[in-house]
Amino acid sequence: MNMNSLTDNSKTINKPWSICLDDSFSLVHRIKSKQCRLYSLGLSSDDNQFEISMANSGCEVHRFDPGIKSAHIQEGHHLWNHRLSIDWRDPNPAIAAHKLHSHTKKLGTILNEFGHQKIDVLKADMESAEWKILENLILEDIVEQIGQLVFEVHIHWPGFEVSGNDSTVVRYWYSLLKELELKDFRLFHTYKDLLKPQMFLKKEAFNASSCYTLSWVNTRWK
């Protein structure tokens, strides 16, 4: 179920950022008890209706966008905006090129700095950086601190710092998705964006899309 079914907002959410509100899992109960926490990772996206809907439902929402003017901006009681971008590595201040990314940090580093142990929902629209970020979350066991993952994935090219021939790239993508499955994440919703080009690894692909939104629930989540 998406947030349109949970709130009475007159506005509808543009993209299907679907979350699992099945009673078998804790999210719906944590929302109702005002104990929910959402992290939203984006790159200057103007579409924040999903975050607003979650905040209006009493969820503590942290939106990370390197494009905002101030370091931290609070909107209302439950929505914070941070001038930070999530990456798959922390910048090294000794490397000149990394100084340009001083507002970029790994998710694990952000969690430690904010003093947060768990994220109920992690939503990400990272414009092809999602594959390396997902790899980092798996390698550092951060995914075990997350209840639901709602990721927009891009498959028109390998993604940032992903190399190799087509079969190598597909195996890399598959290994990450398989690793989530092995960690008891269950895929419960997929959405194919028909407004995006019908491309797969720089080749035209009929009846496909270069962009999908995938939603998983952590079945171990307590």
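Any read-out appearing in this document is the output of simple, stated calculations on the displayed coordinates, not a laboratory observation. Keep in mind the model is a prediction, meaning the values are calculated, not measured. Cβ sites come from the backbone with ideal geometry, for glycine too, and all protein chains shown count toward neighbours.
Observations
- Modelled FRET efficiency - R0 35 Å, Lys69 with Glu204, Cβ distances, 0.05 increments: 0.30
- Annotation: extensible slack from Lys32 through Glu140 equals 35.8 nm (criterion: 0.36 nm per residue apart, minus Cα-Cα distance).
- D (Stokes-Einstein, µm²/s), Kirkwood Cα radius, region 3-218, 0.692 mPa s at 37 °C: 182
- Which listed pairs, of Lys105/Lys192; Lys106/Lys192; Lys69/Lys203; Lys132/Lys196; Lys69/Lys183; Lys132/Lys192, have C-alpha distances above 32 Å, in listed order: Lys69/Lys203; Lys69/Lys183
- Computed Kirkwood radius, in angstrom, where 1/r is averaged over Cα pairs of region 105-222: 15.0
- Calculated FRET efficiency, Asn112 to Ser163, Cβ-Cβ distance, R0 = 30 Å: about 0.50 to the nearest 0.05.
- Summed residue charge, Cβ within 14 Å of Arg186's Cβ, Lys/Arg positive, Asp/Glu negative: -1
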